[in-house]
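Presented below is the structure to which this report refers.
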Amino acid sequence: MSTAGLKANRPLSPHLQIYRFAMTMAMSIVHRITGVGLYFGTLLLAWWLVAAASGPGYFDFVNAIFGSWPGLVILFGFSWALVHHMLGGLRHFLWDTGRGLGKPARDILATATLVGSIVITILLWIVGIAVR
């Protein structure tokens, strides 16, 4: 019997229908999305720094964009992505030590990452607005 005949009957890869939704699956996807979002947010930060170095006129222009409602929503999303990505990284660091690998602990850590990122982001914005 040839090996080609054996390979023809095997699936190439598992399909999404095989897997049941898990919180860790969602957090893995969100971690990747926030990583991509951080690239764009870093470009905004670089734009703001270039504006600050360019002079008060251009700096006021960029601040007006960031201070508008759409700008604030984008900045809030960027800060949430930053916090969420950081907490996801800490969760993976914990797993690298061999802790939190059991199913209940994985689900608790995934939920804590999501809830913690939302709470910390809101608190950061409250403090930022209060200091401003």
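The values are calculated or read from the model by the stated rules, or taken from the named source; none is laboratory data. As the structure is a computational prediction, the values presented were derived from the model and not from experiment. Here the Cβ is made from the backbone with ideal geometry for all residues, glycine too, and neighbour counts use every protein chain on show.
Report the residue count in the stretch 11-36 for those that are more than 19 Å from Val115 (Cα to Cα) and at pLDDT 65 or above.
9
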Check your understanding: From the list Val131, Val119, which residue is surrounded by 11 or more Cβ atoms within 10 Å (Cβ to Cβ) and not aromatic (Phe, Trp, Tyr)?
Key -> Val119
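Quick grid of which residues meet (1) more than 18 Å from Leu109 (Cα to Cα); (2) of a type in the set (D, E, K, R); (3) touching a Lys or Arg at 6+ places or on another chain (Cβ under 6 Å); (4) exposed (fewer than 12 other Cβ atoms within 10 Å of the Cβ):
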| position | (1), (2), (3), (4) |
| --- | --- |
| Phe21 | no, no, no, yes |
| Thr24 | no, no, yes, no |
| Thr42 | yes, no, no, no |
| Ala46 | yes, no, no, yes |
| Val73 | yes, no, no, yes |
| Leu82 | no, no, no, no |
| Gly88 | no, no, no, no |
| Leu94 | no, no, no, no |
**Study point:** Number of the condition not met by Trp47 [criteria: (1) more than 20 Å from the chain's Cα centre (by Cα); (2) hydrophobic (A, V, I, L, M, F, W, C); (3) at pLDDT below 95; (4) part of a helix (DSSP H, G or I)]
**Key:** (3)
